[in-house]
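Take a look at the structure set out below.
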Amino acid sequence: MARQPGVDFEFTLHAEREMRDDGVDRLDVQNALSRCTVTEEQWHEVAYRYVTVGPDTEGRRITVVVEVEEDCLRIVVVTVWR
């Protein structure tokens, strides 16, 4: 879904804090999600969260946890780490 035109990326405050701490920017996350592998699916309160692994813009591996809202083409980035 990350490769589809018109997809909206929303970042939680937690994700933004983790990205800042790890030197990851939004373009890194979008790149990773467009080339990722889903490694785990977790039920969290009212939605599934997907743990993904993919390359940032420099080819380094990052992990991104997302919730996907397919009906409105939105990916909510929950957290990120290297």
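Every condition in (1) on the phi < 0 side of the Ramachandran plot; (2) surrounded by fewer than 19 Cβ atoms within 10 Å (Cβ to Cβ); (3) not charged (D, E, K, R) holds for Gly59 except the one numbered (1).
Being among the polar types (S, T, N, Q), out of contact with any Gly (no Cβ under 9 Å at 6 or more places or on another chain) and at pLDDT 95 or above is the requirement here; does Gln30 meet it? The answer is yes for Gln30.
Applying the criterion of at least 1 residues that are without any contact (Cβ under 8 Å) to a residue 60 or more places away in the chain and charged (D, E, K, R) to the strands (runs of 3 or more DSSP E) found wholly in the stretch 23-82 leaves 37-44, 47-55, 61-69. Residues that are among the charged types (D, E, K, R) and in contact with a helix residue (DSSP H, G or I) (Cβ under 9 Å, 6 or more places away or on another chain) within the stretch 24-82 comprise Asp25, Arg26, Asp28, Asp56, Glu58, Arg60, Arg61, Arg82, listed in sequence order.
Just one residue in the set Val38, Val24 is loosely packed, with under 15 Cβ neighbours inside 10 Å and touching a strand residue (DSSP E or B) at 6+ places or on another chain (Cβ under 8 Å); that residue is Val38. In this structure, does Arg20 turn out to be among the basic types (Lys, Arg), in a strand (DSSP E or B) and free of Cβ contacts under 8 Å to residues at least 40 places away in the same chain? Judged against the criteria, Arg20 is not a match. Taken over the stretch 1-21, the criterion of being of a type in the set (D, E, K, R), out of contact with any helix residue (DSSP H, G or I) (no Cβ under 8 Å at 6 or more places or on another chain) and surrounded by fewer than 14 Cβ atoms within 10 Å (Cβ to Cβ) is satisfied by Glu10, Arg17, Arg20, Asp21.
The values are calculated or read from the model by the stated rules, or taken from the named source; none is laboratory data. Quantities reported herein were computed from a predicted structural model and do not represent experimental measurements. Cβ: placed from backbone, ideal geometry, glycine included. Neighbour counts: every protein chain shown.
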